[in-house]
Amino acid sequence: MPVNTFLMQQGAGLPDTRHFRRAARLVALLTGFVIVILAGGATFAALNERDEAIASSSRTLAALVHSLAEHAARTLAEADRAMRTVVETLDDPRAGPATTHELLNRLSSELPQVRSMLQLDSSGRAVADAVSQPPRPFVGADRPYFRVQREATTDDLFIGLPIRGALSGQWTIALSRRVLASNGRFAGVVAAALDLAYFNSFFSTLLEPGGDIAIFRADGRLLVRQPIVESLLGAELTTGKELNALASQGPRRGTGVDGISRIVAVRAVTGQPLFVSASVSLDTALANWRERTRWLAGGTALACLVIGILGWLLSRRLQALAVQSAAMVQVTGLMDAMLAAIGQGIVITDARDRIMLANRQAADLSGTPPDKMRPGASLTLAAGRGVRSETQVIQLADGRKTAVRRDAMPDGNTVTILTDVTAEKAAEAKLTRLAMLDPLTELPNRRAFLEAAEGEINRVRRHAGRACIAILDIDHFKQVNDSHGHQTGDVLLRTLADLWAEMLRSSDTLARYGGEEFIVLMPETEPGIAIRLLERLRQATSSRHLGAGPDDLRVTVSIGLAALGPDGHVEDAIEAADAALYQAKAEGRNRVRAAPTDPAAHRRQG
C-alpha cells in the first residue's frame, strides 16, 4: 500500500506524530537499504569486470602463443629443410665445394631467418659456406653444434644456444644436421645460423605495452626474448617439466623474470623441442578496468551522498509536516528522486514475483513499458523466482545489452539489479575480432584463415564442389629488409596486401600466413580460372611501383596453387600448394605453378 494512503487512513486527517515517526524510520531504513544495494552492486560490477579483463587478456594471449608456435615451427622447418637439401646433395659424388657453395648461397638468400650456412668436414674444418668460395678459414670442432652431431647416434636437428658474433656483433642461434659417409661413418655437419633480429622484428609488431615474448629450448634455456635482455640469453630460467606444466594449464598469473606480476601463456612448438611464451603485465591488463573503476567508485560515492542527503531531508521533513495529502505527495516525489539518482535499475518483488518497488531505470534497462512496471504487476526477468543466480545478460530490441542479477532475501522477497553492459560487451567483441587479424596488414591471420578453410571444405563436401588454395611468397624479401630496412619491408607488406585484396574477388579470402607469405582461399573455383586470376595478380605485382621505398623499388611474387576437392583435406591442399611454390622458386621465381589436381596425392608421395 502506498505510504501516503497508509497515513491518511489513520485519524481521518488529524495529526498523529506516531505515524510520522514510523514513516521517518521507514525512510531511513529504505535509504540505508538503497545505499547498501548501490554500493554492493558497484562492488560486484567492479569485481566482475576485473575478472573479465583478466579473462579477456588470457584469451588474447592464448591466441597469440598459438600463432607464435606455428610461426616458430614453420621458421625452423624451413631452415631444416634447407639443411636437409644440402645433406642430400652431398651424397652425389659430383657435388664439389663450388657446387655446395652455390647451393648454400641460394638457400640462405631465400630464407630471411637464416643469416649464414656452412659445411664442415669430419675434423671440423670449413669445406664450403654461403659467403665465399673457397670458404674463409674456420675450424668448428670445439663448437657445440659440431660436437653434439659427432657424438650423436640419431639423425636429429640440433638447436644451439644464442651466441654473439665477435666481428658482426649480431646474435644468432646455430642449427646443425650431421653428414654421414656411404659407409655410415660421421663425415661432418651442415650448419645454419638463425638471425635473432628476424624474430625480434616480428615479435615487436605483436608486443603489447608491458608485455614480453620468448622462445625457450626444451631444457628451459632462453633462446629469444623481446624486449631483449642480453644477459638472459642462453640462461636456464626454468625446466622442461615446468614448461610442459605451463603449456598444459593454459594462461595463468605468475611472476616474470623481471619480478613483475604477469599473465603468462606457454605453448609447445609442434615437431620441435621448443616452447613459446607470451605475457602481459597485470597492470597493463587491468589499466582500462582501473580507469572505469575510478569513475564507477566516484559516481557511486556521489550517488550514495545524494541519496543519503535526500533521505535525511525526507526524514526530517516527515517529522515536521502536518498529516495531509499534500505532504505525502512531496514524500512520494522525494522517493522517486532517490530511486532516479541510482544509475542501475532496481526491482523488488514478493514471493510471487509481483512488483513491490521499481525505479524508472528498471523499465528502461529491461525493455518493459513503464505502465507495466507498476506495483502489483507480475514481472519475470532472467532466472526464476527466489533464485540466487549468476549474472545473466539479455539483449533489448534496440541492441543494448543488460546484465540481470537476482538475489533472494530471507523474507521471501527478491531484489533484481539491472546494469547496462552494452559498452563492455562491444569491447569484448572487438578484442575477439582483433585476435583474428594480422596486426601489420590488418588481413585475417593464419588462425582465421584455417577456420575459413575448414568451413569451405565442409561446404565442398556437402555439394561435391571444388575450391583452390594458393600460397604467395614475395621474392627476395630479405634483400629488401637488408637494403632498405625493416620499416620499408613492413610498408611493402601492407602495400602488397592492399593491392592483392583489391584484385581478388569479393568471395576470396586473402590472409597473411607468416613472414612474407600470404595465402588465398578461392571458393567454387576451378584450377584453370584460379591460374588466370593469379597470373594477372603476378603481372600487376611485377609491373608496378609499390611506393614502399625508392622510385625503382619493385618486387616479384612466386605462387603455388592446389585444388581442394570433395575428398581432400585443407592440410593436404596447403602442403601441395607449398610444394608448388617451391617448384616456382626453383624454376626462377616470378611465376605461378599448380600442384597435381589431387592434393592428397602429394601427401601419399611424400
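Here, each number is a calculation from the coordinates, and none is a lab measurement. Small disclaimer: the values here were computed from a predicted structure and weren't measured. So basically every Cβ, Gly included, is an ideal-geometry build from the backbone, and we count neighbours across all protein chains shown.
Observations
- Computed over the chain: relative contact order in percent, which uses C-alpha pairs under 8 Å that are six or more apart: 11 percent
- Computed from the Cα positions only, the extents of region 554-596 along the three principal axes stand at 39, 18, 12 Å, in decreasing order.
- Rg and Dmax of the chain, Cα atoms only, in Å: 34.4, 122
- Principal-axis tilt of helix 527-542 within the chain, Cα atoms, nearest 10 degrees: 80 degrees
- Distance from region 64-140 to region 276-312 (C-alpha centre basis), Å: 57 Å
- Counting lysine pairs in the chain that sit 8 or more residues apart in sequence, or on different chains, and whose Cα atoms lie under 26 Å apart gives 4.
- Both radii were evaluated on the Cα set of region 193-233; the Rg over Rh quotient, with Rh as the Kirkwood radius, amounts to 0.96.
- Taking the inverse of the mean reciprocal distance over all distinct Cα pairs, the Kirkwood hydrodynamic radius of region 435-486 comes to 13.8 Å.
- Of the residues Tyr582, Ala511, Gly560, the one whose Cα sits farthest toward the positive end of the charge dipole of the chain, with +1 on the Cβ of Lys and Arg and -1 on the Cβ of Asp and Glu, is Ala511.
- Computed over all pairs of different Cα atoms, the Kirkwood value for the hydrodynamic radius of region 91-198 is 14.1 Å.
- The chain, dipole about Cα centre (Lys/Arg Cβ +1, Asp/Glu Cβ -1), debye to the nearest 20: 1800 debye
- Antiparallel DSSP beta bridges within the chain, percent to nearest 5: 95 percent
- Projected onto its three principal axes, the C-alpha set of region 64-131 covers 45, 21, 21 Å, listed from the longest axis down.
- Altogether, the Stokes-Einstein calculation at 20 °C and 1.002 mPa s, with the Kirkwood radius of region 207-285 over Cα pairs as Rh, returns a diffusion coefficient of 171 µm²/s.
- The ellipsoid that matches the Cα gyration tensor of region 142-194 has semi-axes, each √(5λ) in whole angstrom, of 24, 10, 9, with the longest given first.
- Sites counted here are GluC sites (Glu not before Pro) in a DSSP loop (not H, G, I, E or B) having no more than 16 other Cβ atoms within 10 Å; the longest part of the chain that contains none of them is 1-389.
- Per-selection Rg to Rh, region 436-605 - Cα, Kirkwood hydrodynamic radius: 0.97
- Over all pairs of different C-alpha atoms in region 441-519, the reciprocal of the mean inverse distance, the Kirkwood hydrodynamic radius, equals 13.9 Å.
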